[in-house]
Amino acid sequence: MWLQSWKQLKSHTSFAFYCKCSAIVFFFTLCVLIVACGTSTNSQVDPGNQSVTVTIDLNGSKGSPTPPLPDYLCGAWVTNNSPGVNPDNANSLISVLAKFVHTVNNNPVGVDGATATAQIDWPDGTTDTATAKTTPDGLAVIPIVLKPDSVNKIVLVQVTFTKDGIPPCQVPQPAYFTPVLVSPTATQPSPQPTAPSITPTIIITAPPRPSVTPIGGNTTSTPGP
């Protein structure tokens, strides 16, 4: 009887012990899974806040070198693209500026004594030419007489430089301007001469004092006023 009771107690104790051990093992396993999931979540990168890293390699890159400047350069322009044309004045002018330089050690140096020839293309289809010489800094000022029939129309000026011993240089882009009509200047009337002012002079002369001549030996004089 006592032996049977001991066997039942031992069987009940073993079952309870196994249940406690299983619970402890399950608890530790659950903790390990929670830690693993948390580490995996924190290690992910937010795709909306990704940082971009750009690496510039200046030593290994080989860019195209800067091309050298041409031996000769030229250009032309006007300082006033809307010059005024007075219909009463046939000498309305505009100056076209042109520059001719030579590249020396990558620096522009003016070409002196070159001839700048300007070809003026008028809106009516006619063509005129004008010339000027460059100064030591390579600048040429070409005067052009404006035509009244070119008002409000574009005029093109193509400039070419020439000089003995060097190649000619034609300006890549022509200069241009558009004349506008200006009102004639009103002539001021000349002032009329004014008569000189004369101030009259009045001279007042006092009458002479009367004299009294005595009669006989009695000398009596009448006092004057």
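The values are calculated or read from the model by the stated rules, or taken from the named source; none is laboratory data. These numbers were taken from a predicted model, which means no experiment stands behind them. Because the Cβ atoms are built from the backbone with ideal geometry, glycine has one as well, and the counts that use them run over all protein chains shown.
If you take the residues of the range 159-173 that are within 27 Å of the chain's Cα centre (by Cα) and crowded, with 18+ Cβ neighbours inside 10 Å, which of them is nearest to Asn86 (Cα to Cα)?
Within the range 159-173, the match that is nearest to Asn86 (Cα to Cα) is Val159.
Take the range 83-108 and flag every residue that is closer than 19 Å to Cys169 by Cβ, surrounded by 13 or more Cβ atoms within 10 Å (Cβ to Cβ) and under 25 Å from the mean Cα position of the chain (by Cα).
Result: Val96, Leu97, Ala98, Lys99, Phe100, Val101, Pro108.
State whether one or more residues within the range 146-154 are within 25 Å of Leu69 (Cβ to Cβ) and surrounded by 13 or more Cβ atoms within 10 Å (Cβ to Cβ).
Looking for residues that are within 25 Å of Leu69 (Cβ to Cβ) and surrounded by 13 or more Cβ atoms within 10 Å (Cβ to Cβ), one finds none in the range 146-154, hence no.
For the range 103-132, enumerate the residues that are under 20 Å from Gly165 (Cβ atoms) and among the small types (Gly, Ala, Ser).
Gly110, Gly113, Ala114, Ala116, Ala132
Considering only residues that are touching an Asp or Glu at 6+ places or on another chain (Cβ under 9 Å) and either hydrophobic (A, V, I, L, M, F, W, C) or modelled with pLDDT under 95 (or both), which ones fall in the range 138-152?
Ile144, Val145, Lys147, Asp149, Ser150
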